[in-house]
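*Asks:* Could you have a look at this structure, given as structure tokens, before my questions?
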Amino acid sequence: MCLFCKIVKGEIPSNKVLENDEFLAFHDINPKAPIHILIIPKKHVENFQEVDGETMAKMTPFIQEVAKELELDENGYRLITNNGRDGGQEVMHLHFHLLGGARLKWPHLADSQPKKFI
Ligand code: AMP
């Protein structure tokens, strides 16, 4: 069973923010911003590339509710999902990072030059 499935089951503790029957939001153990929340579906889905549209449609208002709960909805926040190897995904259970609580930076994310498409 994967790490986040164990968190869903309560086998590994988490600092919960919000949950319903299908989704769970909890604090990241290694925060990269003043507020850093992970939002996951309770059912196991590997990553964004594998998730179905119905789950995403239901997940959207849940994520918006988490942002409101933390009073991030007015000043803004960043939502990230790392997908697969090149995306830097370490835990293979779909999760969105919700980051906020400060004006976030937007650094270069890779050393290599942008690919030319035109
Ligand atoms: P990613 O690299 O996108 O797969 O992100 C995985 C995230 O899970 C990282 O930001 C970790 O800090 C976080 N993480 C790992 N283990 C735990 C845990 N037990 N509780 C909360 N967050 C965790």
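The values are calculated or read from the model by the stated rules, or taken from the named source; none is laboratory data. On a predicted model such as this, the values are computed, not experimentally measured, just so you know. Don't worry about glycine lacking a Cβ; one is built from the backbone with ideal geometry, like all the others, and counts go over all protein chains shown. SASA here: full protein model, heavy atoms, side chains in, ligands and nucleic acids out. Shrake-Rupley method; radii C 1.70, N 1.55, O 1.52, S 1.80 Å.
*Asks:* How big is the chain in terms of Cα radius of gyration and Dmax, in angstroms?
*Replies:* 15.0, 51
*Asks:* For the chain, report the accessible area per residue in Å² (1.4 Å probe, heavy atoms, rounded to an integer).
*Replies:* 71 Å²
*Asks:* How large is ³J(HN,Hα), in whole Hz, for each residue of the stretch 76-89 in order, when computed from phi with the Karplus curve 6.51 cos²θ - 1.76 cosθ + 1.60 and θ = phi - 60°, using x for Gly and Pro?
*Replies:* With coefficients 6.51, -1.76 and 1.60, one gets x, 6, 10, 10, 10, 10, 7, 10, x, 4, 5, x, x, 6 Hz.
*Asks:* Still on this structure, please answer the following. Are there GluC sites (Glu not before Pro) in the stretch 1-77 that DSSP marks as loop and that have at most 10 other Cβ atoms within 10 Å, and which are they? Can you show the working numbers first?
*Replies:* On the way: sites: Glu11, Glu19, Glu22, Glu46, Glu50, Glu54, Glu65, Glu69, Glu71, Glu74; in loops: Glu11, Glu22, Glu46, Glu71, Glu74.
The qualifying sites are Glu11, Glu74.
*Asks:* I've got another one for you. For the stretch 55-118, what is the convex hull volume of its Cα atoms per residue in Å³?
*Replies:* 158 Å³
*Asks:* Then there is this: As an exercise, use a Förster radius of 30 Å and the Cβ-Cβ distance of Ile80 and Asp21 to find the FRET efficiency, rounded to the nearest 0.05. If you can, show how the numbers build up before the last one.
*Replies:* Numbers: r = 25 Å, r/R0 = 0.83.
Computed FRET efficiency for Ile80 and Asp21: 0.75.
*Asks:* Let me ask you something else. Lysine pairs in the chain with Cα distance under 16 Å, only those 8 or more apart or on different chains: how many are there?
*Replies:* 10
*Asks:* When the gyration tensor of the stretch 1-53 is built from Cα positions, what are the square roots of 5 times its three eigenvalues, in whole Å, from largest to smallest? All intermediate terms of the calculation are to be shown ahead of the outcome.
*Replies:* Working: eigenvalues 66, 39, 25 Å².
Ellipsoid semi-axes (Å, largest first): 18, 14, 11.
*Asks:* Pairs of Cα atoms under 8 Å, at least six residues apart: use those to get the relative contact order of the chain, whole percent. Could the numbers behind the result be given before it?
*Replies:* Numbers: 152 pairs, mean separation 33.5, N = 118.
Averaging sequence separation for qualifying contacts and normalising by length gives 28 percent for the chain.
*Asks:* If you roll a 1.4 angstrom probe over the protein chains with everything in place, what fraction of the accessible area of the chain belongs to carbon and sulfur, to the nearest %?
*Replies:* Values: 4230 of 8410 Å².
Carbon with sulfur: 50 percent of the solvent-accessible area.
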